[in-house]
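What follows is calculated from the coordinates using simple rules that are stated; it is not laboratory data. Here the structure is a predicted model, which is why all the values come from computation and not from measurement. Here Cβ is always computed from backbone atoms with ideal geometry, including for glycine, and neighbour counts include all displayed protein chains.
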Amino acid sequence: MPRAGTSVARAEPAEAGPLPKHVAIIMDGNGRWAAARGLPRVAGHRAGAQAVRRTIEAAIRAGVPWLTLYAFSSENWRRPATEVLDLTGLLRHYLRNEVTELAQEGVRLRFIGELTRFPPDIQTELTRAEQVTAANTRLNLVIALSYGARGEIVEGARRIAEAARAGTLDPATLSEEGFGATLLTAGIPDPDLILRTSGELRLSNFLLWQAAYAELVFLDVLWPDFGETQFAAALAEFARRERRFGARPG
Ligand code: FPP
């Protein structure tokens, strides 16, 4: 059961305060949603895909320019083979059937993660989706697939070390910006708001470098039940927070 006390589920309008430029979401609770209804886990993931649609619409309506969704972690490959097949099947279906509509709505798609671990036909669809939406500007939608932050950081460090060994980088000149540019999120603003559903209070290897100053909001709602009301509640909570980025209040 979702834990009590972590919710910010008051559906207050967010107009009063600042709007996050980038909202990143850990979509959790599909399995528990299905179990609570005596349904197989795949039914929870299917309902989760509907919540993805609602959330994209909500972000567009709210005017949030960047939205990142954690759809599949590097660790998710360790789930039973049938569930991995269900999730990749759902992703394939989503890419084949939804990209045209997303493109028409002005959504630009970008995928981050170890994309080469997916079957070749899915990789082709991912590239196609990025290409056909490349000129869109209404909403930047980043989908994290086979993503893990530690692996991403190690890969960045490896690239820096190789550049230093090749003599093209002086380690003394390495900056936070320079390191950030080696990550999969190069060119993407850091998230201002990270949201996790299902009452779990963890980041689970999601955007660890990029989360440095993000506001964290944990909602008790299971992901398939997430929609515009919960999105608005999270924006309202963000608007109430005082962000100081380590500095003293002025
Ligand atoms: C977490 O719930 C959710 C996932 C591991 C997969 C997320 C996938 C979707 C929302 C649908 C597909 C998305 C796209 C973009 C096509 P869980 O299974 O860990 O739930 P539990 O913790 O209750 O078991």
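Roughly how big is the stretch 66-131's charge dipole about its Cα centre, with Cβ charges of +1 (Lys, Arg) and -1 (Asp, Glu), in debye to the nearest 20?
140
Mind jotting down the three principal axis lengths of the stretch 90-191 based on Cα atoms? Whole angstrom, largest first.
Dimensions of the stretch 90-191 along the principal axes of its Cα atoms: 48, 30, 21 Å.
For the stretch 121-250, with only Lys/Arg (+1) and Asp/Glu (-1) charged at the beta-carbon, what is the dipole magnitude about the Cα centre, in debye rounded to 20?
320
Which value in deg cm²/dmol, rounded to the nearest 500, describes the helix-derived mean residue ellipticity at 222 nm for the chain, given -39,500 (n - 2.57) per DSSP H run of n ≥ 4 and division by the residue count?
So the calculated ellipticity at 222 nm is -13000 deg cm²/dmol.
Find the relative contact order for the chain and round it to a whole percent, using C-alpha pairs within less than 8 Å whose residues are 6+ positions apart.
Reported as a whole number, the value is 36 percent.
Within 10 Å, count the other beta carbons around each residue, average over each peptide in 233-241, 154-162, 24-32, and list them highest first.
Taking the mean over residues of other Cβ atoms within 10 Å, the ranking is 24-32, 233-241, 154-162.
What are the residues whose amide H is under 5 Å from the amide H of Ser146, where those residues sit 5 or more places off or on another chain and H is modelled from the backbone?
The list, which skips near neighbours in sequence, is Phe72, Ser73.
Of Thr82, Thr68, how do they rank once you tally other Cβ atoms within 10 Å and put the fewest first?
The order, fewest Cβ neighbours first, is Thr82, Thr68.
Over the chain, with a single point scatterer placed on each C-alpha, what log10 of the ratio I(q)/I(0) does the Debye formula yield at q = 0.10, 0.12, 0.14 1/Å?
-0.51, -0.74, -1.00
Determine the dipole magnitude for the chain: charges of +1 sit on the beta-carbon of Lys and Arg, -1 on that of Asp and Glu, nothing else is charged, the reference point is the Cα centre, and the result goes in debye to the nearest 20.
Dipole about the Cα centre, nearest 20: 340 debye.
Towards the positive end of the charge dipole of the chain, with charges on Cβ (+1 Lys, Arg; -1 Asp, Glu), say which of Gly63, Ser74, Ala134 has the farthest Cα.
Working it through, the farthest residue towards the positive pole turns out to be Ser74.
Taking the mean number of other Cβ atoms within 10 Å as a proxy for protection, how do you rank 117-126, 101-110, 50-59 from highest to lowest?
50-59, 101-110, 117-126
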